[in-house]
Amino acid sequence: MKRFTGKVALVTGAGSGIGRATCLRLGSEGARLYGMDVDPRGLEETARLVREGGGEITTGVHDVSKRSACGEAVAACVAAYARLDVLANVAGIVRFSHATETSEEEWNQVLAVNLSGPFFMSQAAIPHLLDTAGNIVNIASNAGLMGQAYTVAYCASKAGLINMSRALAMEFVKQKIRINCVAPAGTVTNLALSVKFPSGIEPALIDRYRGFRGMSQPDEIASVVAFIASDEASAVHGAVWEADQAVSAG
């Protein structure tokens with residue numbers, strides 16, 4: 001299917017994981033892409049893969065935690081393609097620590113990337129998305145819907161992202177723009193595989209968040225993003241789609 005022919009998608013966190021998978025999926029369905037990340041080498045690899053698959057992509061190194069960088073990324077995307085139809089806010093970080101040992105720097109960094117970044121990106125993108133009746137897909141987490149031990153900043157940021165999405169959905173409920181979330185659980189990405197756990201944790205408090213069917217692959221989450229971002233999901237607005245291998249059913 002070519003559900004995105006003639007459309008432009010901006011993907012944050014495009015250098016790896018779910019962001020890269022989203023670029024590959026949307027690109028394979030005809031979207032022209034603007035991929036952004038703080039990792040230039042990761043972006044180069046994503047761009048190579050997209051082009052090998054016949055897709056079109058422009059990349060830029062931008063830090064979503066900086067409001068000015070978010071504005072610059074949206075401006076660069078629109079300058080390259082003269083429109084914007086889909087904003088996929090995928091970039092995110094996670095830090096495991098005991099709540100009483102979480103530093104101010106760690107707290108601020110996690111919220112800056114996971115919550116402030118999607119807001120700043122949305123703020124810059126919405127005027128363009130209103131012109132194209134476009135949409136925003138935010139990658140939240142099942143951790144934003146339930147308590148998860150040793151990730152207090154991450155949980156707070158993802159819960160905030162979910163309610164931020166709902167608030168924006170209500171503010172623009174009478175206009176032709178859609179804003180939704182996808183909430184994965186554990187996904188096989190560099191981010192997940194490189195997690196460092198603090199000493200003294202209870203493994204049983206973490207195990208229940210892995211999903212009864214194991215961890216998801218990035219392309220499984222990207223397929224959900226592609227559906228929600230497509231015109232097939234025209235009735236979906238202000239929703240949180242749980243793609244968590246049945247974590248929420250347990």
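A few remarks follow.
- Two-decimal ratio, segment 1-84, of alpha-carbon radius of gyration to 2.2 N^0.38 Å: 0.98
- Degrees separating the helix 218-229 axis from the principal Cα axis of the chain, which is the longest one: 50
- The chain: most fluctuating residue of Leu26, Leu130, Leu205 per GNM, C-alpha cutoff 10 Å: Leu205
- Against the chain, whose longest principal axis comes from its Cα atoms, helix 67-81 is set at around 30 degrees.
- Relative contact order computed over segment 67-150 (Cα-Cα under 8 Å; 6+ residues apart), in percent: 47
- Rg ratio (alpha-carbon, reference 2.2 N^0.38 Å) - the chain: 0.95
- Taking Leu24, Leu111, Leu33 and counting other C-beta atoms within 10 Å, the order from fewest to most: Leu111, Leu24, Leu33
- Across segment 8-249, the mean sequence separation of Cα contacts (distance under 8 Å, 6 or more residues apart), normalised by length, yields a relative contact order of 20 percent.
- With the convex hull of its Cα atoms as the shape, segment 1-145 has an orientation-averaged projected area of 9.0 nm².
- With coordinates expressed along the principal axes, the C-alpha atoms belonging to segment 1-42 extend over 29, 15, 12 Å, beginning with the largest.
- Arranged from fewest to most other beta-carbon atoms within 10 Å of their beta carbon, Lys7, Lys66, Lys196, Lys2 become Lys196, Lys2, Lys66, Lys7.
- Kirkwood hydrodynamic radius computed over segment 86-170 comes to 13.4 Å, based on all pairs of distinct alpha carbons.
- The order of Arg32, Arg25, Arg83, Arg48, going from fewest to most other C-beta atoms within 10 Å of their C-beta, is Arg48, Arg83, Arg32, Arg25.
- What the Cα convex hull of segment 153-250 gives, in volume per residue, is 113 Å³.
- Here the gap between Gln175 and Leu205, fully extended at 0.36 nm per residue and compared with their Cα-Cα distance, gives a gain of 6.5 nm.
- Taking Cα atoms only, the orientation of helix 17-28 departs from the longest principal axis of the chain by about 20 degrees.
A short reminder: the numbers here are calculations on the coordinates, not readings from a lab. Since this is a predicted model, take the numbers as computed values, not measurements. Quick reminder, even Gly has a Cβ in these numbers, built from the backbone with ideal geometry, and neighbours come from all protein chains shown.
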